[in-house]
Amino acid sequence: DSSTSRGLGDVYKRQMLENVIKLLYALGFESVTEGDPLLCLMKDSTESTLLDLTNLDELPKALIPLAERMTAGEYLRMKKCCGQLDGFEVSAEAKDIKLGDTTVSFAMDGCTTPEQRLDALINALTHCDKAEIYRHRRLVW
């Protein structure tokens, strides 16, 4: 096949998927695999968005970590919208720790619900600094 592919090479795509899975696992979402069609769709969508914003044919290596975070966030957002986040818990383990007469309180808003914390996590993952993206932008005339 002589057609040119837009984006990352196969090795980078596989590595990117592995890194997204590691990130999701670290966040407590352990049931995702490389063959998950939604994960592949979110990766392709994120990559396409970044390529469109930069006017490049290939994603710069410096933007790969951003693409990985955005992919993980979009994956979680879609799973949440579909009601498929069973077993994914975003509640904190403890608000404070007391040892003797010393108490250490963690900076947490006690009014937030698990869903609000999940939304905050998704927003943090999908937020992209446009300056970071535009630094790699190629001008098109």
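Figures for the structure shown
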| read-out | value |
| --- | --- |
| Residue that is open to solvent by 50 Å² or more (accessible area, probe 1.4 Å), closer than 14 Å to L76 by Cβ, part of a helix (DSSP H, G or I) and modelled with pLDDT of 90 or more, where the choices are L24, L41 | L41 |
| Test for T49: is it among the polar types (S, T, N, Q) and loosely packed, with under 15 Cβ neighbours inside 10 Å | no |
| Single match in E47, E68, E18 (criterion: in a helix (DSSP H, G or I), modelled with pLDDT of 90 or more, among the charged types (D, E, K, R) and in contact with a Gly (Cβ under 9 Å, 6 or more places away or on another chain)) | E47 |
| Cross-chain or 6+ apart pairs with Cβ under 7 Å, region 42-67 first and within 17 Å of D129 (Cα to Cα), then among the acidic types (D, E) | T46/E74; L59/E47; L66/E132; A67/E47 |
| Residues satisfying the stated conditions in region 48-88, i.e. out of contact with any Lys or Arg (no Cβ under 8 Å at 6 or more places or on another chain) and of a type in the set (D, E) | D52, E68, E74, D86 |
| Every residue from region 73-88 that is surrounded by fewer than 16 Cβ atoms within 10 Å (Cβ to Cβ) and either free of Cβ contacts under 8 Å to residues at least 12 places away in the same chain or within 9 Å of the chain's Cα centre (by Cα) (or both) | C81, C82, G83, Q84, D86 |
| Single unsatisfied condition, M70 versus (1) within 22 Å of R135 (Cβ to Cβ); (2) open to solvent by less than 10 Å² (accessible area, probe 1.4 Å) | (2) |
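The values are calculated or read from the model by the stated rules, or taken from the named source; none is laboratory data. Everything quoted here is computed from the prediction, not taken from an experiment. Glycine gets a Cβ as well: all are built from the backbone with ideal geometry, and neighbour counts include every protein chain shown. Side chains are part of the model used for accessible areas, which takes the heavy atoms of the whole protein and leaves out ligands, DNA and RNA. Shrake-Rupley method; radii C 1.70, N 1.55, O 1.52, S 1.80 Å.
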